[in-house]
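Have a look at the structure below, then the notes.
The values are calculated or read from the model by the stated rules, or taken from the named source; none is laboratory data. These numbers come from a predicted model, not from an experiment. Note that we place each Cβ from the backbone using ideal geometry, even for glycine, and neighbour counts take in every protein chain shown.
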Amino acid sequence: MHFGPHLLLAALEGLVTSAVLALTALGLSLVFGVMRVVNVAHGEFFMLGAVLAWAISTAIPGHPTVGFLAALVLAPLIVGAIALLAERLVLRRLNYNPEATIVATIGMLYIIQQLALSFYGPEARPVEPPFSYRILLPWFGYSGYKLSIIAASALLLVATWLVLTRTKIGLIMRATQYDSETAQAFGIPVDRVYAGVFALGAMLAAIAAVLIVPISQAHYLMGQDPLLLSFIVVIIGGLGSLRGTVVAAVLIGLSDGIISVFFSPTLAKIIATLLVAMVLVFRPQGLFGTASR
Amino acid sequence: MTDKNGFFDLSKSTLSRRTALKGLAACAGLTLAPGFVRYSQAQSSAPIKIGFQSHRTGIGAAYGRWYEKTSAAAVKAINDAGGINGRPVELVIEDDGTDPGRGAEVVGKFATQHKTDIVFGTLFSHVVIGSAPAAGENKIPYFVVSEGHHVASTKLNRYVFQPGITDVKSQIQSMAPWIAANAGKKVTQIFPDFAFGYDHRDYLPPALKAQGAEVIAQIAIPPTESSFTKYFPQIPAETEVIYHVMVGPAVLTFVKELGEFYGSNRPQLFGFMDSLEATDINSPGLEFLDGSHFWEGSPRYAQADDSAAQKAYRAAVGIDDNGAAVGDPKDVSTASHMFGCWETLYVVKKAMEDAGYKGPEDRAKLVEATEALTEFAEGPEHPQGPKTFNGKIHQCFGIQNISKVEGGKLTVVHKTKIEDGLYEAEGDYTTQAL
């Protein structure tokens, strides 16, 4: 294959990775930014989204589009409810203590993963894409659905940004992030904001998973890679910075796509990790993060 | 770190009488559980304990579940017919997480804690390679069902056997003539980047060369990869056959993305069933495979010429004509590999009977008796087909099936002969000390 089409394929692959990564990492970043909780179980909410998408789309008969759309709405809601429950039952009782919540979310990771293994099983199960249009380029074919993931993710990112910057809920969240004690003094129910943010973070991961599952299948171990990559993205972009998260996701996704097409996927991972190290050394607050107060 | 919330303060919780009673009840329940039954009979009728190193979790979990089902069926059949040397057989299962480190620990646990007679049942080659030294150190016979070439390479040790499934080198050698004659001469290989894949990487090129065909590109893919399109540009345009063998949960994605990349204008495909074990061949996106060919150890779909033994085996394990669990058509089996568990257990039975095996003190005798075996006739104990066994390299040789995907089924189009897969022994385990 010639250089041009080769690069095009690499960029397309990279953009799909970026799109999913941006949504997942945004969830992680929000939770950390507002609650100062490092949610190690984030990848498991991603996995739950995919597993539920499979359950919902197989439970609903008829055209695959119906099942997929139902999954796109229901799976994140269920995952959000589970996250809310976990927040009430676990994180709140630990008073969001940073060290204790890390240990607690590691525990949640294993519990969710093993529950999925027990009730869903070890198989990788496919979900039918809502449409299976294959775009025929002169050099190779490409899945139309994959392109739609990029568009859907971009829309969701814009929507999240609008909510955060233009609505009262967003204002309350930002106030809590800026200074939770003062926010509480001004009558903001910080406790409820935390619960909402934790659920929202999990829902973003679940949406990303529902989008990716028709091209990758639901499997109980699928949460590990997204978790790792999300951490990389969040560290590079700056914890709690929406803009940084998106930029870092595109950067990591594209470099992963291009480097793995032209060289090797292992090299792509090495470079991403090296980038994290460099950012931590020279700009610990991340590319777009603000220095901690 | 201060413990503001009393998070680590154990003194907070005091043991109440009720909790103590509950604990007591739980302990009583445990001792009543079947695993804890003490055998009051004489030593001679105590069960023979087979330590089953199972991939219950990790990337091999789908295989592990079917390996357990098949082994349980074989053990039931053996016990119904009077057990081994008049003693019942009992499986002791431990999960190795499909992880080599855990695997070695599990072997140690079987030898020292459970005191099983043998260890059995491992599939993934990296786990076998990781666990083999532990079996050698503990001098416990280790019967694997892995299909990798590592046992036959004689690079492991005298306690490791693979008598129930053929190895990759033999499989490739016996199928290469068919590939060169029917699929094409210019082959691109796609394989997982670890031990099992390396067997394919190393043995396919010489096997094809001997048939006047050649491997023009080799693409290694990490076993944890979840997206594959980025590797496909490396496939040379002049490729006539793509030879694919993938493992792990993402195999379906691999085939789907290959389909999107090529559409209907694809090279011939020849795959190892490993790429689709435990996966429904009629899953969305797999239409692309229609007309392609696969290696199958034992056919997934019931064939017109199935022997009575094959039918009885399928019924005992509980798989229907489509190779899925009876009663759950979505629960597709790992038919190409799991027959090896059934056959291996019968080899163990034969060897234990030949050795007059009484207990762990006879393990060396069991090793020698296994090495003395030469042939397994096709029948209820060996439903996949007849096999020969080379005691020097601890490896069996058998027939292979090449199946075509058509009409949403796999139909066997070619069966190789045992002789097609024989090769020169690379060493001799029997010269090692016991």
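Couple of notes before you dig in:
- Taken as a whole, the structure places A:Leu227 among residues that are within 14 Å of another protein chain (Cβ to nearest Cβ), at pLDDT 90 or above and more than 25 Å from B:Phe232 (Cα to Cα).
- Taking (1) modelled with pLDDT of 95 or more; (2) within 12 Å of chain A (Cβ to nearest Cβ) in turn, B:Val187 satisfies each apart from (2).
- Here B:Gly248 passes the criteria (1) surrounded by fewer than 23 Cβ atoms within 10 Å (Cβ to Cβ); (2) within 16 Å of the chain's Cα centre (by Cα); (3) within 14 Å of another protein chain (Cβ to nearest Cβ) except the one numbered (1).
- Test: residue in region A:129-137 that is at the interface with another protein chain (Cβ under 8 Å from one of its Cβ atoms), aliphatic (A, V, I, L, M) and over 22 Å from the mean Cα position of the chain (by Cα): yes
- Any chance A:Glu123 is under 22 Å from A:Ala218 (Cα atoms) and in contact with a Gly (Cβ under 8 Å, 6 or more places away or on another chain): no
- Residue tally, condition touching an Asp or Glu at 6+ places or on another chain (Cβ under 7 Å) and within 7 Å of chain A (Cβ to nearest Cβ), over region B:215-226: 2
- Only one of B:Gly130, B:Gly103, B:Gly108 that is assigned by TED's automatic domain parsing to the domain that holds B:Met352 and either outside any helix (DSSP H, G or I) or surrounded by 24 or more Cβ atoms within 10 Å (Cβ to Cβ) (or both): B:Gly103
- Pairing residues of region B:375-396 that are closer than 13 Å to B:Val347 by Cβ with residues that are among the β-branched types (Val, Ile, Thr) and assigned to a loop (DSSP other than H, G, I, E, B), at Cβ distances under 6 Å and at least 6 apart in sequence or on separate chains, gives B:Phe389/B:Thr374; B:His394/B:Val151; B:Gln395/B:Val151.
- Identity of the residue in region B:278-333, of a type in the set (A, V, I, L, M, F, W, C), without any contact (Cβ under 8 Å) to a residue 12 or more places away in the chain and assigned to a loop (DSSP other than H, G, I, E, B), that ends up nearest to the other protein chains (Cβ to nearest Cβ): B:Val326
- Yes/no for A:Tyr133 being surrounded by fewer than 18 Cβ atoms within 10 Å (Cβ to Cβ) and over 23 Å from A:Ala206 (Cβ atoms): yes
- So A:Ala75, is it within 25 Å of B:Asp331 (Cβ to Cβ) and either of a type in the set (Asp, Glu) or more than 9 Å from chain B (Cβ to nearest Cβ) (or both): yes
- Residue identified as surrounded by 14 or more Cβ atoms within 10 Å (Cβ to Cβ) and not in a helix (DSSP H, G or I) among A:Val127, A:Val79, A:Val193, A:Val90: A:Val127
- Scanning region B:63-80 for residues that are crowded, with 24+ Cβ neighbours inside 10 Å and out of contact with any helix residue (DSSP H, G or I) (no Cβ under 8 Å at 6 or more places or on another chain) yields a single hit, B:Gly64.
- Among the residues of region A:79-104, just one is within 17 Å of the chain's Cα centre (by Cα), over 25 Å from B:Ser226 (Cα atoms) and of a type in the set (Val, Ile, Thr), namely A:Ile82.
- Residues being out of contact with any Lys or Arg (no Cβ under 8 Å at 6 or more places or on another chain), surrounded by 24 or more Cβ atoms within 10 Å (Cβ to Cβ) and of a type outside the set (A, V, I, L, M, F, W, C) - total across region A:217-236: 4
- A:Ser153 away from every other protein chain (no Cβ under 14 Å), farther than 18 Å from A:Val31 by Cβ and at pLDDT 85 or above: yes
Yes/no matrix, rows are residues, columns are (1) charged (D, E, K, R); (2) under 30 Å from A:Tyr133 (Cβ atoms); (3) in contact with a His (Cβ under 8 Å, 6 or more places away or on another chain):
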| site | (1), (2), (3) |
| --- | --- |
| B:Glu260 | yes, yes, no |
| B:Ser264 | no, yes, no |
| B:Gly271 | no, yes, yes |
| B:Leu286 | no, yes, no |
| B:Asp290 | yes, yes, no |
| B:Tyr301 | no, no, no |
| B:Val326 | no, no, no |
| B:Ser336 | no, no, no |
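- Which listed residue, of A:Gly49, A:Gly62, A:Gly33, is away from chain B (no Cβ under 14 Å), small (Gly, Ala, Ser) and at positive phi: A:Gly62
- Number of the exception - B:Gly323 against (1) surrounded by 16 or more Cβ atoms within 10 Å (Cβ to Cβ); (2) touching a Gly at 6+ places or on another chain (Cβ under 9 Å); (3) closer than 30 Å to A:Gly121 by Cα; (4) not assigned by TED's automatic domain parsing to the domain that holds B:Ser146: (2)
- Options B:Tyr231, B:Tyr203, B:Tyr243, B:Tyr262: the member that is within 11 Å of chain A (Cβ to nearest Cβ) and more than 17 Å from A:Ser216 (Cβ to Cβ): B:Tyr262
- Selection of region A:173-188 for residues being of a type outside the set (Gly, Ala, Ser) and surrounded by fewer than 19 Cβ atoms within 10 Å (Cβ to Cβ) yields A:Arg174, A:Tyr178, A:Asp179, A:Glu181, A:Thr182, A:Gln184, A:Phe186, A:Ile188.
- The residue of region A:1-17 that is nearest to B:Tyr231 (Cα to Cα), among those that are surrounded by fewer than 24 Cβ atoms within 10 Å (Cβ to Cβ) and among the small types (Gly, Ala, Ser), is A:Ala10.
Here's the yes/no breakdown for (1) under 21 Å from B:His382 (Cα atoms); (2) in contact with a strand residue (DSSP E or B) (Cβ under 8 Å, 6 or more places away or on another chain); (3) among the aromatic types (Phe, Trp, Tyr); (4) modelled with pLDDT under 95:
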position: B:Leu15; (1), (2), (3), (4): no, no, no, yes
position: B:Gly23; (1), (2), (3), (4): no, no, no, yes
position: B:Ile50; (1), (2), (3), (4): yes, yes, no, no
position: B:Gln53; (1), (2), (3), (4): no, yes, no, no
position: B:Arg56; (1), (2), (3), (4): no, yes, no, yes
position: B:Gly60; (1), (2), (3), (4): no, no, no, yes
position: B:Ala73; (1), (2), (3), (4): yes, no, no, no
position: B:Pro88; (1), (2), (3), (4): yes, yes, no, no
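- All positions within region A:93-115 that are of a type in the set (A, V, I, L, M) and away from every other protein chain (no Cβ under 11 Å): A:Ile102, A:Ile106, A:Met108, A:Leu109, A:Ile111, A:Ile112, A:Leu115
- Any hit, region B:60-71, residues being more than 14 Å from chain A (Cβ to nearest Cβ) and under 13 Å from the mean Cα position of the chain (by Cα): yes
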